[in-house]
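The values are calculated or read from the model by the stated rules, or taken from the named source; none is laboratory data. Just so you know, these numbers come straight off a predicted model, no measurement behind them. Neighbour counts run over all protein chains shown; Cβ positions are idealised from the backbone, glycine included.
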Ligand SMILES: [Zn+2]
Ligand SMILES: [Zn+2]
């Protein structure tokens, strides 16, 4: 039975992923139209063509560089008997659930790391330079960050030896929750409060896209909200409120960098790290006396 599930997933991975991607995307896009949280700064046509252009370009490059992807790595680890769950005998469902949760923790850790290490922040700031926050922001990452994520995922899979089903499940969940929690939607306050006990909500992750340093350095979670609460990086709301807060980063405010694809791809290579630190200090001196 298990063999059949694995075969099914290996042969239908693409349609499963695309089905979920377009399904959730369409759902969130309609929700954003019906009940938007904030007014957008840049036109939707420009944002969507450029953000989604980057997403499709990334998918293409990823397939080219790592054709077997994470699922292939999980199958390889299983064959070789590598990783915790290929080594110890665990009930299938337990290994699957634990794998999804553990992989989510590593994504959280990776996210903290790309904020803390200057050269990695250069890549990650493409995600944060978006002047608005909507469903397309959730998938907008620099190509090199996407490749780096895959390499880290390979390493985690080799150590963990997760069931193949868990890897696909994890990726589909991450993709779906990223689109959900980046979307420009309004959830009733009580719903948000309950939902964020088990899931990162749009209001929770929006805090992370604030221009304020201390707010950016909080709420690193993508799917599960527990890691931020556990490690003290949880922040309930932005100081200026969700409508009043400024989205993005201080060093990139022009559409040329923030909204157009060539600029986005160039962002990691712009400016010296030193300049960046000085810019931030200058900005603070001018604005925060
Ligand atoms: Zn971030
Ligand atoms: Zn984000």
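Scanning the stretch 127-135 finds one or more residues that are more than 23 Å from residue 214 (Cβ to Cβ), within 13 Å of ligand 2 (Cβ to nearest atom) and in a loop (DSSP other than H, G, I, E, B). Number of residues in the stretch 204-225 that are within 16 Å of the chain's Cα centre (by Cα) and without any contact (Cβ under 8 Å) to a residue 60 or more places away in the chain: the value is 8.
The test for being surrounded by fewer than 16 Cβ atoms within 10 Å (Cβ to Cβ) and not in a helix (DSSP H, G or I) does not hold for residue 15.
Can you work out which of the residues in the stretch 82-96 that are surrounded by fewer than 14 Cβ atoms within 10 Å (Cβ to Cβ) and free of Cβ contacts under 8 Å to residues at least 40 places away in the same chain is nearest to residue 10 (Cα to Cα)? Restricting to residues being surrounded by fewer than 14 Cβ atoms within 10 Å (Cβ to Cβ) and free of Cβ contacts under 8 Å to residues at least 40 places away in the same chain, the top hit is 93.
Say whether the condition of being part of a helix (DSSP H, G or I) and within 19 Å of the chain's Cα centre (by Cα) is met by at least one residue in the stretch 33-48. Yes.
Does residue 106 satisfy being in contact with a helix residue (DSSP H, G or I) (Cβ under 8 Å, 6 or more places away or on another chain) and over 29 Å from residue 263 (Cα atoms)? Yes: the conditions hold for residue 106.
Out of the residues in the stretch 18-31 that are in contact (Cβ under 8 Å) with a residue 24 or more places away in the chain and within 19 Å of the chain's Cα centre (by Cα), which is surrounded by the most Cβ atoms within 10 Å (Cβ to Cβ)? Across the stretch 18-31, the extreme among qualifying residues is 28.
Out of 151, 100, which single residue is touching a residue at least 40 places away in the same chain (Cβ under 8 Å) and out of contact with any strand residue (DSSP E or B) (no Cβ under 6 Å at 6 or more places or on another chain)? None of the others qualify; the one that does is 100. Exactly one residue out of 211, 249 is within 16 Å of ligand 2 (Cβ to nearest atom), in contact with a strand residue (DSSP E or B) (Cβ under 7 Å, 6 or more places away or on another chain) and either modelled with pLDDT of 95 or more or within 30 Å of residue 56 (Cα to Cα) (or both), and it is 211. Within the stretch 116-144, the residues that satisfy the criterion of being within 12 Å of ligand 1 (Cβ to nearest atom) and surrounded by fewer than 20 Cβ atoms within 10 Å (Cβ to Cβ) are 116, 120, 121.
Suppose the filter is in a helix (DSSP H, G or I), away from ligand 1 (no atom under 12 Å from the Cβ) and modelled with pLDDT under 95; does residue 165 pass it?
Numbers: in a helix (DSSP H, G or I): yes; away from ligand 1 (no atom under 12 Å from the Cβ): yes; modelled with pLDDT under 95: yes.
Yes.
The helices (runs of 4 or more DSSP H) found entirely in the stretch 201-252 that carry 3 or more residues being in contact with a helix residue (DSSP H, G or I) (Cβ under 6 Å, 6 or more places away or on another chain) are 202-208.
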